[in-house]
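The structure under discussion appears below in the form of structure tokens.
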Amino acid sequence: METSALQKARAAYQPKLPKALQGAVKIQEGEPTQSVDNHEEIKNLFPNTYGMPLVEFVPADKENALRINVGVILSGGQAPGGHNVISGLFDQLKKLNPENRLYGFQMGPGGLVDHKYLEITPELMDKYRNTGGFDMIGSGRTKLEEVEQFEKGLEIIRELDIKALVIIGGDDSNTNACVLAEYYAAKNYGIQVIGCPKTIDGDLKNAQIETSFGFDTATKTYSEIIGNIERDCNSARKYWHFIKLMGRSASHIALECALQTQPNICLISEEIEARDLTLNEIVEDIARIVARRAEDGRNYGVVLIPEGLIEFVPAIGRLIQELNDLLAAHGDEYKDLDHQAQRKYIISHLSEANRATYETLPRGVARQLSLDRDPHGNVQVSLIETEKLLSDMVAMKLETWAEEGRFVGKFSALHHFLGYEGRCAAPSNFDADYCYALGTSAVQLIANGKTGYMAIVQNTTATSDEWIAGGVPITMMMNMERRNGEMKPVIRKALVELDGAPFKAFASQRDEWATKTSYIYPGPVQYWGPSEVCDQTTRTLALEQGK
Ligand code: FBP
């Protein structure tokens, strides 16, 4: 494999570990925990892994020389730093006992079920240190939830003499990690399961998890690109750029990028839902800003749009709920119809109010809403061209206003979708260190006999040696939610809080950003140089921690 000069230099970077993880470690247990909601239901579903205490690692006198084989799985969308979780696991396992082995199951959870794996050797590991991507073992979205899959996985686990599995994933994958941990515990199989918080979306966070890995690098990468577009925009002064950003339901990515780049407009789905806005009202708000800037001779601007926006427009959200249930119940008879017949089928099965919403949506968007859900039951919002939909509707609104004699200036729109551009970026120093510490923590949880835990690292706005490492029982983050037409135990997703510091900081400045041009051009992620340039956390994390 040919490598770039940057990759070579970066391979030599030794990620920094918190003080508590640098030497021998023991655990300090806190009070028993309970789920965030639906205590009785979650307790009944997870009798063996419910109520366990929070744990923190503290220095010990002697290292636990545990001899163990471990399996690791990368699950779901790529996020910068995945390889560093694996190098953290690898180095710590070898440190405990050089005989320890680490196996990577390939292409996601499916690799466990289909017995596709490779052993992670020192040579292989060294090729991937501090690199982006998940290509070392690949990733996938197979949902681990059936007993048959757990038993099939057990066969290879036994064959390789694996005693613990580490599942690196987002909220859905960690929910499945917990279900698997519970199953293996209930059966007394002696297999531990540990999760690690991954996702660029930033929606796997709570009182214990300060941030999911990948959010830092991905938002810095998108902000670099947005800054470049803003600078082009401010040079040519002739286009409105509509930029959709990944993030699924949550608008954390859009909000963080807005804080880093100060665009003219940034929509926040959670606010749109709270204000009960219709699509038409959102379009009018944007068109008003376009017309206002045109009065000052500014026929250009930048709009950030979170990819999940459409689900949060209340009428469309209600429609999606009904479509989810409809597709879950009638998916088989619907699947084989052609496009035209599928549309008819949906229209004839929807309730009156939702049918009206469905029929008023542009055909392409309506179709995208009725396509297959991902294996976890989510609408594939990355496929919906919201940026195009909004700019078309803004253009129509401006035309109507112009016909009414209002001055609207010139409106020429360009579209971008930022998602895949950042998911495999080489991890920032923050993500490189954070992920390495998560991998190290996961091994310490295993060494201390834990299962059904997620590795955590806290105090992350301090310097890395002051970070605090430990574990949180996954059941603690769970509640019951409706998925694919059924109530299921799931990790509660963190959406943007409208009374939280990041949103408030944005809301207090956005009117000025709309009318003036206050762009910030952050430039690329830096790996070497002054600390304020290369070790900066996201604005979201800093604001949440009052920095
Ligand atoms: P995860 O929740 O798996 O981390 O997904 C992140 C994400 O990048 C979302 O932002 C996006 O909607 C989705 O993956 C796209 O999915 P795919 O990788 O299957 O195209």
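Couple of notes before you dig in:
- For segment 364-393, the tally of residues that are more than 14 Å from the ligand (Cβ to nearest atom) and closer than 18 Å to E322 by Cα stands at 5.
- Whichever residue in segment 119-140 is open to solvent by 20 Å² or more (accessible area, probe 1.4 Å) and in a helix (DSSP H, G or I) and, among such residues, is nearest to D91 (Cα to Cα): P122
- Filtered by the rule that a residue be open to solvent by less than 10 Å² (accessible area, probe 1.4 Å) and hydrophobic (A, V, I, L, M, F, W, C), segment 174-190 gives A177, C178, L180, A181.
- Condition met for K143 (open to solvent by 10 Å² or more (accessible area, probe 1.4 Å) and either more than 16 Å from the ligand (Cβ to nearest atom) or more than 27 Å from the chain's Cα centre (by Cα) (or both)): no
- Subset tally (residues that are under 19 Å from S212 (Cβ atoms) and modelled with pLDDT under 95) for segment 494-531: 0
- Boolean, A455 is assigned by TED's automatic domain parsing to the domain that holds N174, at negative phi and under 19 Å from the mean Cα position of the chain (by Cα): yes
- Cβ-Cβ contacts under 6 Å between residues 6 or more apart (or on different chains), taken from a first residue in segment 70-89 that is on the phi < 0 side of the Ramachandran plot and more than 14 Å from the ligand (Cβ to nearest atom) to a second residue that is β-branched (V, I, T) and open to solvent by 10 Å² or more (accessible area, probe 1.4 Å), are listed as H83/T131.
- Hits in segment 247-264 (condition: open to solvent by less than 10 Å² (accessible area, probe 1.4 Å) and more than 16 Å from the ligand (Cβ to nearest atom)): A258, T261, P263, N264
- Per the listing A177, A185, the residue uniquely more than 16 Å from the ligand (Cβ to nearest atom) and of a type in the set (A, V, I, L, M, F, W, C) is A185.
- For segment 188-218, taking the residues that are within 16 Å of the ligand (Cβ to nearest atom) and among the β-branched types (V, I, T), the one that is nearest to Y420 (Cα to Cα) is identified as I200.
- Set side by side, the residues R101, R141 differ, and just one is of a type outside the set (D, E), over 30 Å from R483 (Cβ atoms) and touching a strand residue (DSSP E or B) at 6+ places or on another chain (Cβ under 8 Å), which is R101.
- Condition check for T221: within 16 Å of the ligand (Cβ to nearest atom), in contact (Cβ under 8 Å) with a residue 40 or more places away in the chain and buried (at least 24 other Cβ atoms within 10 Å of the Cβ): yes
- Tally of residues being more than 25 Å from E544 (Cα to Cα) and open to solvent by less than 10 Å² (accessible area, probe 1.4 Å) across segment 224-240: 3
- Picking from residues in segment 191-208 that are touching a helix residue (DSSP H, G or I) at 6+ places or on another chain (Cβ under 8 Å) and more than 30 Å from E155 (Cα to Cα), the one that is surrounded by the fewest Cβ atoms within 10 Å (Cβ to Cβ) is N206.
- Comparison of L165, L160 shows that the only residue that is more than 16 Å from the ligand (Cβ to nearest atom), crowded, with 24+ Cβ neighbours inside 10 Å and either within 29 Å of R423 (Cβ to Cβ) or touching a residue at least 24 places away in the same chain (Cβ under 8 Å) (or both) is L165.
- Pick from segment 419-463, criterion crowded, with 24+ Cβ neighbours inside 10 Å and within 16 Å of the ligand (Cβ to nearest atom), ranking: nearest to I253 (Cα to Cα): G422
- Meets criteria (within 24 Å of L204 (Cα to Cα) and either more than 21 Å from the chain's Cα centre (by Cα) or at pLDDT 95 or above (or both)) for N100: no
- Residue within segment 458-477 that is among the aromatic types (F, W, Y), under 29 Å from E31 (Cβ atoms) and not in a helix (DSSP H, G or I) present: yes
- Cβ pairs under 7 Å, 6+ apart, first in segment 486-510 and within 12 Å of I268 (Cβ to Cβ), second of a type in the set (S, T, N, Q): L495/S249; V496/S251; P502/T540
- Lone qualifier among P489, P502 - being assigned to a helix (DSSP H, G or I), touching a Leu at 6+ places or on another chain (Cβ under 8 Å) and not acidic (D, E): P502
- Residue under evaluation Q22, criteria (1) polar (S, T, N, Q); (2) out of contact with any strand residue (DSSP E or B) (no Cβ under 9 Å at 6 or more places or on another chain); (3) more than 20 Å from V193 (Cβ to Cβ); (4) open to solvent by 80 Å² or more (accessible area, probe 1.4 Å), criterion not met: (2)
- Pairs meeting the criteria (first residue in segment 391-402 and in contact (Cβ under 8 Å) with a residue 24 or more places away in the chain and on the phi < 0 side of the Ramachandran plot, second residue surrounded by fewer than 18 Cβ atoms within 10 Å (Cβ to Cβ) and of a type in the set (D, E, K, R), beta carbons under 8 Å, at least 6 apart or on different chains) are K397/E284.
- Any pair with Cβ under 7 angstrom, 6 or more apart, that starts in segment 370-381 at a residue that is modelled with pLDDT under 75 and ends at one that is small (G, A, S): V381/G308
The values are calculated or read from the model by the stated rules, or taken from the named source; none is laboratory data. These figures come from a predicted structure and were not determined experimentally. Don't worry about glycine lacking a Cβ; one is built from the backbone with ideal geometry, like all the others, and counts go over all protein chains shown. The accessibility values were calculated without ligands, DNA or RNA, using every heavy atom of the protein model including side chains. Shrake-Rupley method; radii C 1.70, N 1.55, O 1.52, S 1.80 Å.
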